[in-house]
Structure formats: structure tokens, C-alpha cells
Amino acid sequence: MKHLKRTASFLLALTLTLPLFGCDAPKGTLTLTDQAGRTVTIEKDPEAIVSGYYISTSMLLALGEKNHLVGIESKAETRALYPAVGLDLSIGGYGTKKAFETEKAALLQPDLIILPYSLKQSADEISAVTGAPVLVVNPESDPLMQEALSLLAEATGTQEKAKELTNYVDEAISKVQTLESTPSVYLAGSDLLRTAGSKMYQSTLIQNARTVNVASSISDSSWANISYETLLSYQPDYLILSSACPLSVEEVLSDKNLAALSAVQTGNVRKMPSLYEAWDSPVPAAFLGSLWLASVCHAEYPVSAFEQTAEEFYRLFYGI
Amino acid sequence: MKARSFLIAALCLLAVTISLFVGKYPLTLEGIFSDPVQQSVFLRLRLPRTLVALFGGFALGLAGYVFQTIFHNDLASPDVVGVSSGASVGAAFAILFLGSSALLITCSAFLGAVLVLFLTLFLSSLQKNRGKATIVLAGIAVHALAQTALTALKLEADPERELASIEYWLMGSLNDVTLTTLPSLLPVVLLVSALLFALYRHVLVLTLDDTEATLLGARVKGTRWGLLLLATLLVASVISVTGLVSFISLLAAHVAKLLVRRHNRTLFLLSGLAGGILLLFADCLTRLTAAELPVSVFTSILGAPALLVLLGRKQHE
């Protein structure tokens with residue numbers, strides 16, 4: 001009887017312990033504060049990540065997390081970067097800056113969800129429904145972009161890669177900081193008369209090119225609408241059309257309302273190119289926007305130097 | 001009454017003068033005649049903007065008077081028939097699908113406003129009782145429908161580009177006005193305003209009760225529809241260029257009624273002038289802000305307290 005009891009106890013203990021052998025060893029947890037000020041506890045080294053924002057997706061790709069992305073934002077087919085890095089576009093469709101596909105994401109059983117700041121109110125609810133921790137990122141200025149990158153690096157255990165990326169960008173930017181002149185620049189956003197004030201990330205992009213943003217007196221934290229008269233009163237040395245601006249350089253040069261603008265008279269109107277991504281967005285490659293601008297506005301910084309850096313950057317960090 | 005009319009005329013002149021010399025680009029009287037850059041800024045930008053504010057406000061003021069008279073309601077405005085919602089849907093549609101060209105946005109907003117008016121009138125014609133209340137009810141239904149369509153378009157919009165453009169259009173602005181804007185606005189405003197002045201006797205008949213008007217031999221339904229159509233055309237032509245401008249059409253007629261008590265052509269004219277003055281001053285204020293805020297911010301700041309004062313005064317009387 002005693003022997004039977006011992007055997008039964010052994011079998012019971014074995015039954016209870018067996019499932020543990022089938023699982024990975026526990027990885028431990030990590031507590032982070034996201035950019036909405038929320039305290040979030042996540043499992044270390046998440047293996048299934050859903051990114052609901054193209055900027056966090058680009059950051060995760062630069063950090064080498066391509067294989068851990070199981071879901072990304074909607075309209076993924078419009079991002080040239082994704083097919084270039086070999087990202088499967090069918091994992092797109094999980095949200096926009098305005099809404100997140102919570103039920104659809106729950107089906108993926110993710111370990112981590114990244115949301116844009118505009119959805120911060122829904123973050124806790126999304127976390128409760130999906131059972132996954134949610135990190136909110138807000139990369140809308142240069143320091144915030146660095147903060148977002150560090151946050152994602154810490155969450156994914158890729159701090160070394162993030163450091164490498166930051167050092168690369170800092171070094172590239174420092175090369176144009178020694179240039180002597182500081183020409184003035186007007187940056188047109190999604191419309192000729194829509195520009196970025198001092199609080200916008202794009203203003204940092206202009207400063208990093210050792211140029212001056214003529215609209216720095218505007219303190220709006222979003223794109224500001226101005227009039228033709230305001231643009232004429234700015235008299236920038238260069239008029240730059242962002243890649244999102246629907247106008248062509250020729251259309252701006254032939255706009256009679258801008259005939260009195262010195263940038264138009266001297267032909268200093270350019271459209272910002274976009275290789276894989278829009279460089280006037282706060283993505284890791286945004287510094288290339290500054291280098292391109294420097295190559296346009298400073299004769300001492302040749303286009304070839306910018307092109308070489310762009311090619312090297314995408315090769316090193318995106319494997320393109 | 002004459003003194004008060006002169007006061008409005010003088011105020012209008014003052015508003016025009018201030019508008020011509022307030023702006024981001026410094027202009028001097030001497031420079032306008034001698035400096036080619038100042039001349040270009042004045043002729044291509046400042047003067048057209050002043051004219052659009054003056055005539056746009058004038059048109060909104062006249063339309064507000066017509067709506068308040070037709071519906072026998074001091075709070076009636078072109079929104080009653082859903083015209084603003086229709087224009088908004090038209091503009092949003094153009095921003096999303098037609099490539100954001102200013103001309104296409106203007107045309108699409110105008111079409112949206114007119115289509116919504118026809119839909120409202122069509123729906124109201126399906127009812128046996130085709131009175132004022134039926135038009136208002138049909139207007140509410142069409143307005144709700146248009147708002148739903150607008151929400152759907154906003155959801156489809158890219159938040160960083162198209163949505164920002166739609167929201168900005170909805171707030172109204174004269175920032176984009178140039179010399180090329182004038183042909184799409186002035187002919188319609190001048191022609192329709194002239195028609196409304198010529199038909200003023202019919203507007204006057206509608207101040208009466210429907211039965212009384214019919215006894216006087218008026219074709220009430222046809223007159224009401226015709227005048228509504230003309231007033232809506234006025235509003236559509238303005239907001240398709242400027243975006244939504246709040247309060248002007250509601251407030252202008254009330255300001256005019258403070259000066260002239262009886263319904264007559266002078267009151268009608270003063271309603272238009274009051275609208276023009278209000279929009280001119282509001283637009284001047286936007287030019288003093290660093291990022292040129294939408295004009296509706298200032299029409300609301302000027303309009304809301306003024307309307308409350310007017311309503312309080314009326315109650316007191």
C-alpha cells in the first residue's frame with residue numbers, strides 16, 4: 001500500500017512537472033515607461049511584435065527586428081522600404097494613426113504592440129483585450145525620436161544596434177556642422193503654403209543641415225498654414241518641397257505669385273528626394289534629409305558625399 | 001436711418017483700407033506705385049484678398065437675411081438646408097481623390113453644396129405638406145447624411161496630409177486667395193446679389209404668413225424655392241473658395257436690423273455690408289497671428305458674444 005502511494009505521488013509530481021519541460025525557460029520581464037508616461041511590463045526579447053505606426057516599423061527594421069514583426073500598420077503597400085528589405089506585405093493592415101485593429105491583432109497573440117501617441121487613450125484597453133503589453137511612441141521631434149528609438153531598443157533587447165545607429169547618424173551629421181555659411185530655407189509640406197515651425201521635427205532637419213528655418217517664429221507643433229504674403233516676407237535663400245508636396249519644381253518656378261521670391265528668381269527651388277522613405281518624417285533615415293539639404297545649400301558638401309552615406313546607411317542598417 | 005447707413009458705409013471703407021495695408025509683407029502707399037515687388041504683392045495678393053473678404057462677407061450676409069426671412073426664424077442660416085455639409089463633402093472628396101488642386105477643390109465644394117440643396121428640395125417635395133418645416137426637416141436629414149459621408153472620407157484620409165488639408169478647409173481661410181481666385185467668385189456673387197435685389201419684393205412677401213402671401217397673389221412655394229436656390233448659390237460660391245466661415249450669415253442680418261427696423265432694400269443692403277465688414281476685420285486679425293489662424297476662429301470670437309448681446313437685447317425689448 002505504502003509502495004503504491006509512493007508510486008502514485010511520483011506519477012502525480014511527474015504529471016505536474018512535465019509541461020514545464022516542453023516550454024522555453026522563462027525569459028524574465030522588463031518594466032519600461034513609454035512616451036505616454038505609462039508604466040509597461042513586457043517579456044524580455046519579444047518574438048511576435050505588432051507595430052501600428054510606420055515610424056516604429058521603420059525603427060524596428062533598422063534595429064534588425066524584421067523577423068519578429070508579425071503585424072504592421074495599414075497601407076503597407078505604399079511604403080517602398082518594406083519590399084526592399086523583404087518584409088512580407090501581407091502582415092499589413094493592423095491600424096493607422098487614427099485607429100487600431102484590436103480584434104485582428106488579438107488573433108496574432110503578440111508579445112508586444114507598438115502604437116502611435118495619437119492612440120494613447122486606447123492603449124490600456126487594447127492591452128487588456130489582446131493580453132499583450134502596449135508601448136506608445138511619440139517620435140514627433142528630434143529628442144523624442146531618439147527617446148522612441150531607445151525605448152524600442154530596450155523593449156527588443158537591441159540596445160547595441162541602437163547605439164551603433166545613433167553613433168552613425170551623429171557622426172554623419174557632425175560632418176556638415178563645420179560648414180561656414182548658414183543659408184535660409186523654407187520647407188513646404190503637403191502643400192506649398194504649409195510649413196513646419198520651430199517645434200516640428202522638420203525644423204531640426206533643417207538645422208542639422210546647417211541651414212536656418214525661415215518659419216522658426218511659428219510655434220505650432222503641427223504643420224502650419226501660411227499665406228503667399230508670409231512666404232514672400234520670409235524671402236528664403238532656398239525653397240524646398242517635401243516629398244509629400246504635390247507640386248513640381250517647375251510649377252513653383254512658374255507661379256506668378258512667387259515671382260518676387262529670391263529663391264525663385266535664382267532657381268533655388270528643389271524637391272526632396274525619397275529613397276525608400278520620406279526623409280522629412282522622423283524615421284531613422286531622416287538624417288539623410290539633412291545631408292541632402294546640406295548638399296543642395298552648401299557647395300562645400302558635395303552630392304556624392306550624401307549619396308555615398310545614403311547607400312552605406314541602408315546597406316548597414318536595413319541590409320539593402 | 002441715413003446717418004446709420006452712412007456709419008456702416010464709413011465703417012466698410014475703413015475696413016477695406018485697413019485690410020489693404022495689414023499683412024505679413026510690409027506695403028507703403030509710395031512703394032505700391034514705385035516698387036515692383038510691392039506692386040505685385042498689392043495687386044496679386046492683398047487687393048484680391050480684400051475683395052474676396054468684402055464680397056464674400058457681403059454674399060454671406062445677404063444669404064443669411066434671405067434664410068432668416070424665408071424661415072421666419074432669426075437663427076436660420078444656410079446650414080438649414082445642409083449647404084455647408086455638402087460643400088465640405090465636395091471639398092474632402094477633391095482633396096482625397098482629385099489631387100488637392102485648389103481649382104478642383106473649389107469646383108467640387110460648389111457642386112457638393114448645390115447637390116445637397118437639390119437633394120433637400122427633392123426630399124421635401126415628396127411630402128404632401130411642402131411648407132417651411134418640411135424643408136427644414138429634409139435639410140436636417142441631408143445634413144446628417146452628408147456628415148456621415150464626411151466622416152467616412154476623413155477615416156480614409158492620410159492623417160498627416162489629406163486629413164490635415166480637410167480639417168484646415170473646414171476651418172475656413174483666405175490665405176490661398178490670389179488674383180486667379182477672383183473670376184471664380186466675383187461674377188457669381190455680383191450676378192446673384194443683383195438678382196436678389198431685383199427680386200427683393202418677393203423676399204418681402206415671404207415675411208408674411210403663407211396664407212396672407214397667397215391671398216396677395218404670391219406663389220409661395222415657387223418663390224421660396226427660387227430664393228433658396230439663389231441664396232444657396234451665393235453661399236456655395238463663397239465657401240467653395242474660402243472653406244467654411246462660421247457666424248457671418250447668422251450675425252450680419254442681426255447687426256443690420258439694429259440700425260434699420262423695417263424690412264426694406266436698405267436693410268437688405270446693410271445685411272450684406274455688415275457681413276463684408278465682419279469678414280474683413282476677422283481676416284485682418286488672422287494676418288496678425290504668426291501662423292495665420294483660420295478665419296472662423298475670429299468670426300466666432302467676434303460673432304458669438306455679439307450674437308448673445310443681440311439676443312439679450314431682443315429679449316429685453
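The values are calculated or read from the model by the stated rules, or taken from the named source; none is laboratory data. The structure displayed is predicted, hence computed values, not measured ones. Ideal geometry is used to build each Cβ from the backbone, glycine not excepted, and the neighbour counts take in all protein chains shown. To get the accessible areas, we keep the full protein, side chains included, count just its heavy atoms, and leave off ligands, DNA and RNA. Shrake-Rupley method; radii C 1.70, N 1.55, O 1.52, S 1.80 Å.
Looking at region A:67-112, which residues lose a minimum of 40 Å² of accessible area between their chain alone and all protein chains in place, measuring with a 1.4 Å probe and not counting ligands or nucleic acids?
A:Lys75, A:Lys97, A:Lys98
Could you please state, rounded to a whole Å, how far the C-alpha centre of region A:202-241 is from the C-alpha centre of region B:42-64?
Distance between centres, Cα-based: 28 Å.
Excluding A:Ile226 itself, what net charge comes from residues whose Cβ is under 9 Å from its Cβ, given Lys and Arg +1 and Asp and Glu -1?
Every neighbour counted, the sum reads 0.
List the accessible area buried at the contact between B and A, summed over both sides and calculated with a 1.4 Å probe, in Å² to the nearest 100.
2300
Only protein chains counted, 1.4 angstrom probe. Which residues of region B:19-35 are at least 20 Å² less accessible in the assembly than when their chain is isolated?
B:Lys24, B:Tyr25
Ignoring any ligand, DNA or RNA, what whole percent of the accessible area of the protein assembly as shown comes from carbon and sulfur when the probe is 1.4 angstrom?
61
So what is log10(I(q)/I(0)) for the protein assembly as shown at q = 0.08 1/Å, when the Debye sum runs over its Cα atoms only?
Debye output, listed in q order: -0.71.
Taking only protein heavy atoms and a 1.4 Å probe, what accessible area per residue, in Å², does region B:162-317 have with all protein chains in place?
I get 42 Å² per residue for this part.
So, in nm, how far is label A:Leu247 from label B:Ala306 when the simple model puts each one 7 Å beyond its Cα toward the Cβ?
Reported label-point gap for A:Leu247 and B:Ala306 is 3.3 nm.
Given a Förster distance of 25 angstrom, what is the FRET efficiency for A:Ser150 paired with B:Met171, based on the Cβ-Cβ distance and rounded to 0.05?
The computed FRET efficiency comes out at 0.10.
Summing +1 for each Lys or Arg and -1 for each Asp or Glu, what net charge is found among the other residues whose Cβ lies under 14 Å from the Cβ of A:Ala215?
Around A:Ala215, the surrounding residues sum to -3.
Go through region A:246-265 and flag every residue whose accessible area shrinks by 50 Å² or more with all protein chains in place compared to the isolated chain (probe 1.4 Å).
Flagged in region A:246-265: A:Asn257.
Output the pairs from A:Lys199/B:Lys154; A:Lys175/A:Lys271; A:Lys44/A:Lys163 with a Cα-Cα distance over 21 Å in this structure; if there are none, say none.
Pairs exceeding 21 Å: A:Lys199/B:Lys154; A:Lys175/A:Lys271.
Please work out the FRET efficiency for the pair A:Glu307 and A:Ala128, using the Cβ-Cβ distance as r and a Förster radius of 51 Å; give the result to the nearest 0.05.
My answer for the efficiency is 0.60.
Tell me, what is the FRET efficiency for B:Lys221 and B:Gln147 to the nearest 0.05, using R0 = 22 angstrom and their Cβ-Cβ distance as r?
0.20
Could you list the residues of region A:59-89 with an amide nitrogen less than 20 Å from a label point located 7 Å from the Cα of A:Ser222 in the Cα-to-C-beta direction?
From region A:59-89, the list is A:74.
Looking only at other chains, what is the average number of their beta-carbon atoms within 10 angstrom of each beta-carbon in A:216-227?
Average neighbour count from other chains, rounded to a whole number: 5.
Quick one, could you list the DSSP H helices from chain B stretching 24 Å or more along their long axis (Cα atoms) with average Kyte-Doolittle hydropathy of 0.5 or above?
B:2-21, B:47-70, B:102-125, B:132-156, B:220-242, B:265-287, B:295-316
Please give every one of the lysines within straight-line cross-link reach of B:Lys2, meaning a C-alpha to C-alpha distance under 16 Å, and leave out same-chain neighbours fewer than 8 residues apart.
Filter leaves B:Lys257.
Where in region A:222-238 is the amide nitrogen less than 12 Å from a point lying 7 Å along the Cα-to-Cβ axis of B:Asp35?
A:233, by backbone N distance to the label point.
For a label point 7 Å from the Cα of B:His263 along Cα→C-beta, name the residues of region B:165-204 whose backbone N is under 14 Å from it.
Hits in region B:165-204 for B:His263 at 14 Å: B:199-204.
What value, in deg cm²/dmol to 500, does the helix sum -39500 (n - 2.57) over DSSP H runs of n ≥ 4 give at 222 nm once divided by the residues of the protein assembly as shown?
Value at 222 nm, helices only: -18500 deg cm²/dmol.
Taking the Cβ of A:Pro183 as the centre, find all other residues whose Cβ is under 9 Å away and add up their charges (Lys, Arg: +1; Asp, Glu: -1).
In short, 0.
Probe of 1.4 angstrom, ligands and nucleic acids ignored: what's the accessible area per residue over chain A, in square angstrom?
45
With an 8 Å Cα cut-off and a minimum separation of 6 or more residues, compute the relative contact order for chain A in percent.
15
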